[in-house]
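Please read the structure below before turning to the comments.
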Amino acid sequence: MPAYTLLVPLLAIAILALVLRWASSLDTDKAHRKDYGLLREVAKVPSSTAARIVEQCLQAAGIRATTVPAEDGNGMRILVFPGDESVAIQALLNMP
């Protein structure tokens, strides 16, 4: 049995181990952040109840909104599409 039949698989495993070690050292903070694509944040509120009120206000203005938990775990973020961003901000500024 030639020595290279054992050497080739060991070499492949060593290369794979190096690639995995390199990949695990990349920016993991960015990898754990949630990406919501095109959506833009127009408000951050302290509770889900407040988020529902803001969403209802935006819905009354004809704006589709999405609520997601804040990245820091404190509160909720209200997201809208970029085309609705300025209208959503105006609707929230004029909210009673």
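Every number in this text was worked out from the coordinates using simple rules, so none of it is lab data. All of these numbers come straight from a predicted model, not from anything done at the bench. Every residue, glycine among them, receives a Cβ derived from its backbone with ideal geometry; neighbour counts consider all protein chains shown.
Descriptive notes on the structure:
- Working from Cα pairs under 8 Å separated by at least six residues, relative contact order for the chain is 27 percent.
- Charge sum, other residues only, whose C-beta stays under 11 Å from residue 67's C-beta, Lys/Arg counted +1 and Asp/Glu -1: +1
- Farthest toward the positive end of the dipole of the chain, out of 15, 61, 75, is the Cα of 15, where the dipole comes from beta carbon charges about the Cα centre.
- Exposure proxy shown here: for 87, 19, the number of other Cβ atoms within 10 Å sets the order, fewest to most, as 19, 87.
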